[in-house]
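Following: one structure in structure tokens, then a few remarks.
The values are calculated or read from the model by the stated rules, or taken from the named source; none is laboratory data. Every value quoted in this text rests on a predicted model; they were computed, and no experiment measured them. Virtual Cβ from ideal backbone geometry, glycine too; neighbours counted across all protein chains shown. Keep in mind that these areas ignore ligands, DNA and RNA; they rest on the heavy atoms of the full protein, side chains included. Shrake-Rupley method; radii C 1.70, N 1.55, O 1.52, S 1.80 Å.
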Amino acid sequence: MKAKEIRELSPEELNKKLREAREELVNLRVRKQVGQVENPAQLRTIRRDIARIETILKQKAATAA
């Protein structure tokens, strides 16, 4: 997900996306331990998406305050 797309979302939608991304990351980590991950680079992209979402949430909170 691109930063531009993330910025267009509301804080509620961002929190929902963040929860979904974290759940997906946990599931991928479990599958990695079992050896069922086809694309290990997907872990990295999800971690980066989580970081982007958290950063933009903090920026929106700072501008609202």
- [ ] Would you please put 31-38, 3-10 in order of how densely packed they are, using the mean number of other Cβ atoms within 10 angstrom per residue and starting with the highest?
- [x] 3-10, 31-38
Open item on the list: To the nearest 20 Debye, how big is the dipole of the chain about its Cα centre, given +1 on the beta carbon of each Lys and Arg and -1 on that of each Asp and Glu?
Closed with: 260
Open item on the list: What are the ³J(HN,Hα) couplings of region 54-64, residue after residue, when phi is run through the Karplus curve with 6.51, -1.76, 1.60 and θ = phi - 60°? Round to Hz, x for glycine and proline.
Closed with: 4, 4, 5, 4, 5, 5, 5, 5, 5, 6, 6
Task: Volume of the Cα convex hull of the chain, divided per residue and given in Å³ - done: 72
Open item on the list: Considering only protein heavy atoms and a probe of 1.4 Å, how much of the accessible area of the chain is carbon and sulfur, as a whole percent?
Closed with: 50
Task: From phi via Karplus (6.51, -1.76, 1.60), per-residue ³J(HN,Hα) for region 8-23 in Hz, x at Gly/Pro - done: 6, 7, 7, x, 5, 5, 5, 5, 5, 4, 5, 4, 4, 5, 5, 5
- [ ] Just give me a number: lysine pairs in the chain, eight or more positions apart or cross-chain, with C-alpha atoms less than 17 Å apart.
- [x] 11
TODO: With an 8 Å cut-off on Cα pairs and a minimum separation of 6 or more residues, tell me the relative contact order of the chain in percent.
DONE: 48
